[in-house]
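What follows draws every value from the coordinates through simple rules; no lab data is involved. These numbers were taken from a predicted model, which means no experiment stands behind them. No Cβ is skipped: glycine too gets one built from the backbone with ideal geometry, and neighbour counts run over all protein chains shown.
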Amino acid sequence: MPEVELGFPRTYVEFTNPADPDEVFRCDLTWLTSRWTCIFGQGCPGIYATSPEAGCCTLGAHFSDDDDAERTRLVMEQLTPAQWENHDEGHRGGWTETDDEGDLKTRAYRGACIFHNSRDFAGGYGCALHGYALDHGLKPHTTKPDVCWQLPLRRQFRDVDRGDGTTYTETQIGEYTRPGWGPGGADLDWYCSSNTEAHIAPEPVYVTNRDELTALMGEAGYAELARYCRQHEQGGANTPHPADPLR
């Protein structure tokens, strides 16, 4: 099977955020030095066999907070029919909806996120918000919902008691594995993060996803992470991701 089973050994590093002494990063070096890359439009079969062209953009994107939703709305209002295949439908029927728990998300329409442009669309295949960023010289993570540009990076927070009555925030940076999707993760027909088919990049994740990691960690935090990643790559006892090709 091209997808490796989870539970393999990983190497982590913990370090204090240089910009915040009350935050400690715990980072998965095995994942961040792996050769994963997004293969959307380049062999990705989609997470559901019923929507192979939509990649992982089938369910719509949940917003992390009000600021996330507002940032997306501002970009949505700039999209033209030439850039967004579902422009008229999005304005007529709405571009958001709530899930069964009442949480706001982008609307699912015809088996994909409403911002998904089909392969035959003259304005370009894939996410209209992503395309807008490329057309205007912007970073895609500044125009898309948080979950869209973070996946398959995963940031989690945990309050840790030092034992002396004080606490700090532990920020975990790692792989967004199937369990991260909740109970439905096991039912996905295909998933990329631990799939050998997607571990084909010439450079590691911490390099190719520098912009996203910097947005998650800050400039100083990323610089420290990159230093540890380079040390891990050079070390003789490192733990490579088992989905990576031999190198």
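Observations, loosely collected:
- Amide N proximity, segment 187-221 versus Arg227 label position 7 Å along Cα-to-Cβ, cut-off under 14 Å: 219-221
- Distant-in-sequence amide H partners of Cys127 (H built 1.01 Å from N, under 5 Å): Asn117
- Kirkwood Rh (inverse of mean 1/r, distinct Cα pairs), segment 148-247, angstrom: 15.7
- Under the Karplus curve 6.51 cos²θ - 1.76 cosθ + 1.60, θ = phi - 60°, whole-Hz ³J(HN,Hα) for segment 42-54, x wherever Gly or Pro sits: 9, x, 5, x, x, 6, 10, 5, 6, 9, x, 7, 8
- Peptides 130-141, 2-13, ordered by how many other C-beta atoms sit within 10 Å of their residues on average, highest first, read 130-141, 2-13.
- One decimal place: the segment Arg26-Glu101 gains 24.0 nm when fully extended, by the rule 0.36 nm per residue minus the C-alpha distance.
- FRET efficiency, 1/(1 + (r/R0)^6) with R0 51 Å, evaluated for Ala220 and Glu3 via beta carbons: 0.90
- Spin-label model, Ala186 to Ser118: label points 7 Å out along the Cα-to-beta-carbon direction sit 3.6 nm apart.
- Gln234-Asp164 pseudo-label distance in nm [points 7 Å out on the Cα-to-Cβ vector]: 3.3
- The candidate values are (i) 26, 22, 18; (ii) 58, 18, 16; (iii) 32, 22, 17; the one derived from this structure for semi-axes √(5λ) of the Cα gyration tensor in Å carries the label (iii).
- Nonlocal amide H pairs with Glu170, under 5 Å, H built at 1.01 Å: Val24, Arg158, Asp159, Val160
- Computed from backbone phi with θ = phi - 60° and the Karplus coefficients 6.51, -1.76 and 1.60, the 3J(HN,Hα) list for segment 61-66 is 9, 6, 7, 6, 6, 5 Hz; x is used for glycine and proline.
- Cβ-based net charge around Val13, under 12 Å, with every Lys or Arg adding one and every Asp or Glu removing one: +1
- Counting only Cβ charges, +1 for Lys and Arg and -1 for Asp and Glu, the dipole size of the chain around its Cα centre is about 740 debye.
- Proportion of all alpha-carbon pairs of segment 108-165 beyond 19 Å (%): 47
- Our compactness index for segment 1-103, the C-alpha radius of gyration over the empirical 2.2 N^0.38 Å, is 1.51.
- Alpha carbon Rg of segment 56-116, scaled by the compact-globule rule 2.2 N^0.38 Å: 1.06
- Net charge of Cβ neighbours under 14 Å - reference Ala186; Lys, Arg +1; Asp, Glu -1: -3
- Evaluating 6.51 cos²θ - 1.76 cosθ + 1.60 at θ = phi - 60° for every residue in segment 204-220, the Karplus couplings come out as x, 4, 5, 8, 5, 10, 4, 4, 5, 5, 5, 5, 7, 10, x, 4, 5 Hz, glycine and proline recorded as x.
- Working from the Cα coordinates of segment 178-228, the gyration tensor eigenvalues give, after taking √(5λ), semi-axes of 27, 15, 7 Å in decreasing order.
- Counting every C-alpha pair in segment 5-61, the share spaced more than 14 angstrom apart comes to 70%.
- Taken over the Cα atoms of segment 90-205, the convex hull encloses 214 Å³ per residue.
- The chain: relative contact order in percent, alpha carbon pairs under 8 Å with at least 6 residues between: 30
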